[in-house]
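Worksheet: one structure, shown below.
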Amino acid sequence: MLFEYNHTMLKVLIASPYPALRLGLRFMLEKASREAVVVGEANTWEQSLDLARTQRAEVVLFDLALEADEEMNGIWELRTQFPALPIIALSETEADPRVLFALQAGARGCLAKTVTSNELADATRRVVMGEPILHPATTAALLDQLRGAGTPEHLTPRECEVLRHVAAGQTNKMISLKLGISEHTVKFHLGGAMSKLGAASRAEAVALAMRRGVITV
């Protein structure tokens, strides 16, 4: 289901720990677009949840600097609580590997922080209409994953750790308790490992990982 809006101004929420970046994005967006207005600025992903609700945001510009690691808890929470709310991840570069994690967590697109005013305004307009916002480098990386072109070296330490526990016969709940992370984070890392290995199931992921020497039990 696409996000629908029936008024002139598009409500944009900016989430970044850097005041200068938030100010710059606000200036760029409101200068380049007569259809967009910044309704809130969050300096933590937790604050972005509150502002998305109280300000009824229609697009979120989400700085990946808010995420401590590849778990993407902030984007996942936004996507869970506001499933129709499009999120554009902001990365240092288009080739940032964390962009793939952000897309897996629920972001609808990504922009580099070097984006121009017109590109930013155009992206917010397009994403709210349901269009994905992807740089060619990101698209190429996604296609590699879909083709199963990932190599063992592309698996993160956490993905390998989760796979080892799966190989030991542990459930997602057991793994979450063992590692001190949420079940959704376990599923996130397991999904990432399956995608990179080209596996269709947990069992196949473990078998492929063992065959390629990624994990041992």
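The values are calculated or read from the model by the stated rules, or taken from the named source; none is laboratory data. This structure is a prediction, so every number in the text was calculated from the model and none was measured. Glycine gets a Cβ as well: all are built from the backbone with ideal geometry, and neighbour counts include every protein chain shown.
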Mind checking which residues of region 35-86 are in contact with a strand residue (DSSP E or B) (Cβ under 9 Å, 6 or more places away or on another chain), surrounded by fewer than 18 Cβ atoms within 10 Å (Cβ to Cβ) and not in a loop (DSSP other than H, G, I, E, B)? V37, Q47, D50, T54, A65
Pull out all pairs, ordered by first then second residue, where Cβ-Cβ is under 9 Å, the residues are six or more apart or on different chains, the first lies in region 69-88 and is touching a residue at least 24 places away in the same chain (Cβ under 8 Å) and at positive phi, and the second is surrounded by fewer than 19 Cβ atoms within 10 Å (Cβ to Cβ) and of a type in the set (D, E). none
State whether the residues of region 101-116 include one that is more than 15 Å from the chain's Cα centre (by Cα), among the hydroxyl-bearing types (S, T, Y) and within 21 Å of V38 (Cβ to Cβ). yes
Among the residues of region 165-203, how many are part of a helix (DSSP H, G or I) and either surrounded by 14 or more Cβ atoms within 10 Å (Cβ to Cβ) or under 25 Å from the mean Cα position of the chain (by Cα) (or both)? 27
Can you confirm whether E94 is in a loop (DSSP other than H, G, I, E, B) and within 12 Å of the chain's Cα centre (by Cα)? no
Collect the residues in region 23-46 that are in contact (Cβ under 8 Å) with a residue 12 or more places away in the chain and among the basic types (K, R), keeping them in residue-number order. R26, K31
Of the residues in region 1-34, those that are at pLDDT below 95, buried (at least 16 other Cβ atoms within 10 Å of the Cβ) and assigned to a loop (DSSP other than H, G, I, E, B) number 2
For region 19-37, state whether one or more residues are in the same structural domain as L90 (by TED's automatic domain parsing) and over 19 Å from V115 (Cα atoms). no
